[in-house]
Amino acid sequence: MSKEKINQTIKVIYGIVVTILFLFAADLILGNEGTNDRVGLLLIIVALFISFVYEFYKSLIEENKKSAIIDFLFVILGTVVIINIII
């Protein structure tokens, strides 16, 4: 497969995954049970983490070093936040 087709496939999968995560998070946060709010917030943070990873990937493809470094720092920050919430 060509690079353009692979990039298009990754973009579509990214959009689908992030949309599903946000929909599940909204369902959990707006539901009747208050205990699911933490799980909903975790799903939102995971969706943001995935978007940071996707932006890092795009920066690497475009060979934009400054943007890639900033995106990598966001990925590290997201990883630390997710680990702190889980633990």
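No value in this document is a laboratory result; all are computed from the given coordinates. Not measured: the values here are computed from a predicted model. Note that each Cβ is placed from the backbone with ideal geometry, even for glycine, and that neighbours are counted across all protein chains shown.
Note the count of lysine pairs whose C-alpha atoms are less than 15 angstrom apart in the chain, limited to pairs 8 or more residues apart or on different chains.
On the way: Lys3/Lys11; Lys3/Lys58; Lys5/Lys58; Lys11/Lys58; Lys58/Lys66.
Count of close lysine pairs: 5.
In this label model, Thr35 and Ile13 are separated by 3.5 nm, measuring between points 7 Å along each Cα→Cβ vector.
Which GluC sites (Glu not before Pro) in region 1-72 pass both tests, a DSSP loop state and at most 15 other beta-carbon atoms within 10 Å? Working shown, then result.
Values: sites: Glu4, Glu33, Glu55, Glu62, Glu63; in loops: Glu33, Glu63.
Passing sites in region 1-72 are Glu33, Glu63.
In a fully extended conformation the segment linking Val81 and Phe22 would gain 19.5 nm over its present Cα-Cα distance, using 0.36 nm per residue. Measure nothing fancy, just the Cα-based angle from helix 3-30's long axis to the longest principal axis of the chain, in degrees from 0 to 90, nearest 10. The answer is roughly 10 degrees.
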